[in-house]
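This report concerns only the one structure given below.
The values are calculated or read from the model by the stated rules, or taken from the named source; none is laboratory data. It should be emphasised that the depicted structure is a prediction, and the values quoted were computed from it without experimental measurement. All Cβ positions, glycine included, derive from the backbone under ideal geometry; neighbour counts span all protein chains shown. Surface accessibility is based on the protein's heavy atoms, side chains included, excluding ligands, DNA and RNA. Shrake-Rupley method; radii C 1.70, N 1.55, O 1.52, S 1.80 Å.
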Amino acid sequence: MSLSFCSLSSGSSGNCYIVTTENTALLVDAGISGKKIFEGLSALGIPDEKLMGLLVTHEHIDHVKSVRILTKKKPFINVYGSESTLLEIEECVPMEKKRIAFPEKEIMIGDIKVKPFSLSHDASDPLGYSFTSGDKTIAIVTDTGIVTEEIHSEIRKADILVIEANHDVHTLQFCRYPYPVKRRILGDFGHLSNDTAAEEIARICLEARSDERIPHFRQVILAHLSKENNFPEMAYQTVKNALEEHEIYIGRELTLDIIERDIISPVFRV
């Protein structure tokens with residue numbers, strides 16, 4: 001059974017991803033307008049009865065903007081998130097549609113096994129998620145200031161890894177943002193830089209060479225790029241250069257793609 005990933009939008013103006021099998025579709029965050037989400041679902045040919053869950057990473061508006069309209073318009077959808085996150089958005093979610101997700105506790109939604117894991121971000125209790133169907137896994141990790149061992153342990157197994165490459169550190173340091181905002185982004189509860197994402201990708205690829213439990217080839221997708229402090233070519237080249245320092249080459253051990261801001265991405269399948 002195939003497992004696929006698509007981004008309806010990724011960036012500071014709003015985030016919304018979708019993971020699907022033939023029978024089940026799960027949204028991750030709903031930070032764009034309901035109109036754009038519904039248009040994206042229609043473009044992908046996803047009927048209402050297939051859409052079974054919305055998994056919320058955290059309560060920031062660029063991730064939850066359209067939670068309320070989704071719960072009204074899509075009858076089969078339940079909303080999953082940490083208890084603290086659901087409390088933060090409780091007015092947007094009917095009680096009967098709330099589902100508490102606990103780190104490291106697997107959830108079965110349709111035919112997809114979902115595993116939440118904790119992130120390091122300035123939100124109530126943020127979560128990342130991995131998705132497994134058969135022997136294939138997709139992991140999504142954005143909005144975290146560091147890659148903890150818990151995060152690494154989960155995402156190293158992914159056949160498709162969606163990982164944040166939010167900013168270029170040098171560009172951020174000299175941008176127009178106020179100093180406290182720069183400190184927040186660069187801190188342990190902020191966002192991953194291109195360099196930090198590259199370090200994690202390299203670590204996973206190096207471990208895969210000697211660990212049969214880790215896929216030896218994977219699709220890596222860089223996400224959540226800042227409009228102000230990054231651009232796709234810079235993120236790609238930074239990661240490529242860092243990988244080649246370890247003699248890891250795109251096309252041999254991984255593919256590397258970028259989710260561009262505010263557009264529907266290609267569908268990635270495994």
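Just one of the listed residues (Lys50, Lys73, Lys36) is among the basic types (Lys, Arg) and either within 19 Å of the chain's Cα centre (by Cα) or open to solvent by less than 10 Å² (accessible area, probe 1.4 Å) (or both), and it is Lys36. If you go through the stretch 259-269 and pick out every residue that is in contact with a Leu (Cβ under 9 Å, 6 or more places away or on another chain), open to solvent by 40 Å² or more (accessible area, probe 1.4 Å) and of a type outside the set (D, E, K, R), you end up with 3. Hey, can you tell me all the residues within the stretch 154-182 that are touching a residue at least 24 places away in the same chain (Cβ under 8 Å) and not aliphatic (A, V, I, L, M)? Glu154, Arg156, Lys157, Asp159, Glu164, Asn166, His167, Asp168, Thr171, Cys175, Arg176, Tyr177 - these are the residues of the stretch 154-182 that are touching a residue at least 24 places away in the same chain (Cβ under 8 Å) and not aliphatic (A, V, I, L, M). Scanning the stretch 193-211 for residues that are of a type in the set (Gly, Ala, Ser) and modelled with pLDDT of 95 or more, we see that the one that is nearest to Gly145 (Cα to Cα) is Ser193. Please tell me if Ala235 is open to solvent by less than 80 Å² (accessible area, probe 1.4 Å), over 15 Å from Ser7 (Cβ atoms) and in contact with a strand residue (DSSP E or B) (Cβ under 9 Å, 6 or more places away or on another chain). Answer is no for this residue.
For Gly11, the stated conditions do not hold, so it cannot be described as within 22 Å of Thr137 (Cα to Cα) and crowded, with 20+ Cβ neighbours inside 10 Å. Of the residues contained in the stretch 167-185, none is found to be closer than 21 Å to Ile214 by Cα and over 13 Å from the mean Cα position of the chain (by Cα).
In summary, strands (runs of 3 or more DSSP E) completely within the stretch 134-232 and bearing 3 or more residues that are open to solvent by less than 80 Å² (accessible area, probe 1.4 Å) and of a type in the set (Val, Ile, Thr) occur at 136-141, 160-164. If you go through the stretch 95-133 and pick out every residue that is assigned to a strand (DSSP E or B) and either polar (S, T, N, Q) or in contact with a helix residue (DSSP H, G or I) (Cβ under 7 Å, 6 or more places away or on another chain) (or both), you end up with 9.
Restricting the stretch 108-131 to residues that are open to solvent by 40 Å² or more (accessible area, probe 1.4 Å) and of a type in the set (Gly, Ala, Ser) leaves a set whose member that is nearest to Asp29 (Cα to Cα) is Ser124. Test Ser42 against the criterion of being of a type in the set (Gly, Ala, Ser), surrounded by fewer than 24 Cβ atoms within 10 Å (Cβ to Cβ) and modelled with pLDDT of 95 or more, and give yes or no. Taking the combined requirement at face value, the residue satisfies it.
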